[in-house]
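Comments concern the structure below.
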Amino acid sequence: MEKTSNRFTVRRLAVTGLLSALVFVFSWIQIPIGEVARIHLGNVFCALSGLLFGPLTGGLASGFGSMLFDFTNPLYIAESWITFITKFFIGFLAGLIAHRSGNISLGRDVLGASVGSVTYVALYLLKSFIMKFYIEGQALGAVQTQLVTKGVTSLINAVLAVVVSVLLAKAVRPALRKAGILSE
């Protein structure tokens, strides 16, 4: 879809909306880790969006779906615009790398999902440090403790995103091509 046109068509809008809904729903499938972190499946669909439909659709679906999840929790809503930007990079980079040469391959899928996920982890930890230390004024030791917990859970989320999104992409691409939804 991304290759044939740079225009934002009704089909692309519908696909972006559906993928955003999947990111939103799978962000709810979670295991809380203390008060500061959670393991969830939302990032799987952020990466999958980019792997299947390219950087623009993948980035927008990642950003909108994650931002909508933030709208459902008063603790997250003020930072929802930051979530849009940081999560955008998962789908965008996954799609950019996977679709770079026009030939989709397992190696490019793994690299794209990995780069997108690791970039998100770095941006998320940077945002968390700035918010906790500079804006909230928490003690450096407390911030570091929270960052360790957030870092570990974010890396678990990243590994889940890479493994599961690559497997799902491989599984659903043939059906999407046959249905005429995916053209590569």
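What the table shows:
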{"read-out": "Charge-dipole axis of the chain as Lys and Arg at +1 and Asp and Glu at -1 on Cβ define it, positive-most pick from 116, 128, 148", "value": "116"}
{"read-out": "Most mobile of 120, 134, 76 in a GNM of the chain (Cα contacts under 10 Å)", "value": "134"}
{"read-out": "Distance in nm between pseudo-label sites at residue 101 and residue 30 (7 Å out along the Cβ direction from Cα)", "value": "3.9"}
{"read-out": "Non-local Lys pairs in the chain, i.e. 8 or more apart or on different chains, that have alpha carbons under 23 Å apart", "value": "10"}
{"read-out": "Correct choice for Cα extents along the principal axes in Å that was computed from the model, options [x] 51, 42, 31; [y] 54, 30, 25; [z] 41, 35, 32", "value": "[y]"}
{"read-out": "Student exercise, the chain dipole from Lys, Arg, Asp, Glu Cβ charges, in Debye to nearest 20", "value": "640"}
{"read-out": "Folded to 0 to 90 degrees: helix 42-53 orientation relative to the chain principal axis, Cα", "value": "30"}
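FYI, it's all coordinate maths here, none of it is from the lab. No experiment lies behind these values; they were computed from the predicted model shown. With ideal geometry, Cβ positions are generated from the backbone for all residues, glycine too; neighbour counts draw on all protein chains shown.
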